[in-house]
Amino acid sequence: MVRGARQPQQPRSRLAPRLTGTVEKPPRKRKSRTEFALKEIMSSGGAEDDIPQGERKTVTDFCYLLDKSKQLFNGLRDLPQYGQKQWQSYFGRTFDVYTKLWKFQQQHRQVLDNRYGLKRWQIGEIASKIGQLYYHYYLRTSETSYLNEAFSFYSAIRQRSYYSQVNKEDRPELVVKKLRYYARFIVVCLLLNKMDVVKDLVKELSDEIEDYTHRFNTEDQVEWNLVLQEVAAFIEADPVMVLNDDNTIVITSNRLAETGAPLLEQGMIVGQLSLADALIIGNCNNQVKFSELTVDMFRMLQALEREPMNLASQMNKPGMQESADKPTRRENPHKYLLYKPTFSQLYTFLAASFKELPANSVLLIYLSATGVFPTGRSDSEGPYDFGGVLTNSNRDIINGDAIHKRNQSHKEMHCLHPGDLYPFTRKPLFIIVDSSNSVAYKNFTNLFGQPLVCLLSPTAYPKALQVLMSLCGRWHFTATSQPEVLSADIV
């Protein structure tokens, strides 16, 4: 059974207070929209005088909650993508309104069916928005438990066939909503490693796309077929398969289980530094991806997470209720996922992470990108003379024209050089470079005496593995199958 949408269990000091009391009366500027809905109801359900006042108020309140939820949800896209504090109060308000909307339609379903004409796809749309809220809350906080909440709502839409009647209506925009729901559900299932569900969803999505393109001669047919190809390639590339000592295939789990933490070596001191923030950057050409998430980004983000737990069962543990209002330590490090960022975007997110990094904490930077090599010999051997990794240039526009390198004597501007990271070594830094030019970071200089680690992928492979490396990432394949060839600089 689907539960009401719960605002994520965060310390109240970090979220805006919950909205209390009954449903607020619609402001004057929204009255016309509600009146329009009521007039539509009157025309289909009889004269206005025949509708009891209580039922009229139910429809009015529902229209207001629906309008308010859409307004808040659309406002989420205007929130800053970086920074860990600016967005929390707005997310809290949005969760509150959707909680009320979801419970309200449950409690007044019969009246809304008879007087408002509530359709099942509209209920599914509300549930889908709640699932999206939980998913984006996971992206913002790295708390994997919210993936389970998103899965619950997405799964209920499928089990209760909320979108089943959409195909009978001659409205292609409703079918597109259904297709997007499937794509979002697939992403959540991939992150939860529910591969059996993913395969079923892909089959259903394929059938839905075939029906959609057959009924409506739309221009997005090629794009939806590309979605199918991407997810099929992603499933084939994951999970990671390695050979053990007996030359048998073993499928590894990327996340850290509660009982699977490795034991510390004797004499190791715990608690001096902890990983608090991570930038996971993917900018490789022709790499397997789905929904702006490459395979190596996908594996890295899971490697930085613990297995998700159900929020309800976690709150029922002894002592959890008493400590609900107290600040709790986040289980997983905060992450930014950047797919093909420009240099300015990468630097903006990096600066935000650096600024908010707590004391005694480490910032991790994972660079999976195409190598940029120097164009000629240089008399010096500085941090900008060995190239680096590629950043995206498609969105860097000056006066309407894309920026191009002007002269071979100039350094590549769409490149993250080792020297670009030097300012951030003022705090503990852990760098992983997964690139054909990872050696550019080999002689990374520690200018400020802070802890610094550079872990570099190999740059040469046997020919039989070169195609696999380009599709699935160099570092992860080597780290799981041949860790002895990895290069690490601890400076």
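The values are calculated or read from the model by the stated rules, or taken from the named source; none is laboratory data. Every value quoted in this text rests on a predicted model; they were computed, and no experiment measured them. Please note: Cβ atoms are built from the backbone with ideal geometry, for glycine as well, and neighbour counts cover all protein chains shown. Please note that ligands, DNA and RNA were not included when accessible areas were found on the heavy atoms of the full protein model with its side chains. Shrake-Rupley method; radii C 1.70, N 1.55, O 1.52, S 1.80 Å.
How far apart, in nm, are the 7 Å Cα→Cβ label points at residue 263 and residue 339?
4.2
Between residue 348 and residue 50, what is the FRET efficiency for a Förster distance of 56 Å, r being their Cβ-Cβ separation, to the nearest 0.05?
Numbers: r = 59 Å, r/R0 = 1.05.
Between residue 348 and residue 50 the formula returns 0.45.
Step by step: find N for segment 51-236, compute 2.2 N^0.38 Å, then divide the Cα radius of gyration by it. What's the final number? Walk me through the numbers before you get to the answer.
Working: Rg = 17.8 Å, N = 186, 2.2 N^0.38 = 16.0 Å.
Expressed relative to 2.2 N^0.38 Å, the Cα Rg reads 1.11.
Please list 163-176, 63-76, 183-196 highest first by mean number of surrounding beta-carbon atoms within 10 Å per residue.
On the way: 163-176: 14.8, 63-76: 17.1, 183-196: 19.5.
Ranked by mean Cβ neighbours within 10 Å, highest first: 183-196, 63-76, 163-176.
Going by Cα centres, segment 263-285 and segment 97-143 are how many Å apart?
38
Ordering 413, 297, 268 by how much accessible area each has at a 1.4 Å probe, largest first, what is the list?
Numbers: 413 75, 297 0, 268 105 Å².
If we order 413, 297, 268 from most to least accessible, we get 268, 413, 297.
For an R0 of 45 angstrom, estimate the FRET efficiency from the Cβ-Cβ distance between residue 215 and residue 331 and round to the nearest 0.05. Numbers along the way, then the final one.
Working: r = 46 Å, r/R0 = 1.02.
For R0 = 45 Å, the calculated efficiency reads 0.45.
Too long at a 21 Å Cα-Cα cut-off: which of 129/289; 335/427; 129/199; 203/289?
Details: 129/289 24 Å; 335/427 17 Å; 129/199 23 Å; 203/289 19 Å.
In this structure, 129/289; 129/199 lie more than 21 Å apart at Cα.
Please sort 452-459, 222-229 by packing, taking for each peptide the average over its residues of neighbouring beta carbons within 10 angstrom, highest first. Don't jump to the answer; show the numbers that get you there.
Numbers: 452-459: 20.2, 222-229: 13.8.
Top to bottom by mean Cβ count within 10 Å: 452-459, 222-229.
Taking the Cα-to-Cβ direction at residue 170 and at residue 228 and moving 7 Å from each Cα, how far apart do the two end points lie in nm?
With each label placed 7 Å out from Cα toward Cβ, I get 2.6 nm.
Could you work out what % of the accessible surface of segment 51-236 is carbon and sulfur, using a 1.4 angstrom probe and leaving DNA, RNA and ligands out of the count?
Numbers: 3790 of 8320 Å².
On segment 51-236, the fraction of accessible area on carbon and sulfur atoms equals 46 percent.
What shape does segment 137-180 take by its C-alpha gyration tensor, where a ≥ b ≥ c are the square roots of the eigenvalues and a/c under 1.5 counts as rounded, a/b above b/c as prolate, and the rest as oblate? Mind showing how you got there, number by number?
Details: a/c = 6.49, a/b = 2.17, b/c = 2.99.
Note, shape of segment 137-180 comes out oblate.
Working with all protein chains in place, sort 220, 277 by solvent-accessible area computed with a 1.4 Å probe, largest first. The partial results should precede the final answer.
Working: 220 30, 277 5 Å².
So the residues, ranked largest to smallest area, are 220, 277.
How much of residue 158 can a 1.4 Å solvent probe reach, expressed as accessible area in Å² and rounded to 10?
About 80 Å², ignoring ligands and nucleic acids.
How much of residue 414 can a 1.4 Å solvent probe reach, expressed as accessible area in Å² and rounded to 10?
10
For residue 79 and residue 180, compute 0.36 nm times the residue count separating them, minus their Cα-Cα distance, and round to one decimal in nm.
So the extension gain works out to 34.2 nm.
Could you rank the peptides 380-390, 83-93 by their average count of other C-beta atoms within 10 Å per residue, with the highest value first?
Highest mean packing first, the order is 380-390, 83-93.
Treat each spin label as a single point 7 Å out from the Cα along the C-beta direction, and report the residue 207 to residue 360 distance in nm.
5.6
Could you grab the relative contact order for segment 51-236? Cα pairs under 8 Å, six or more apart, rounded to a whole percent. Let's see the in-between values first.
Working: 127 pairs, mean separation 27.6, N = 186.
With pairs under 8 Å counted, the relative contact order is 15 percent.
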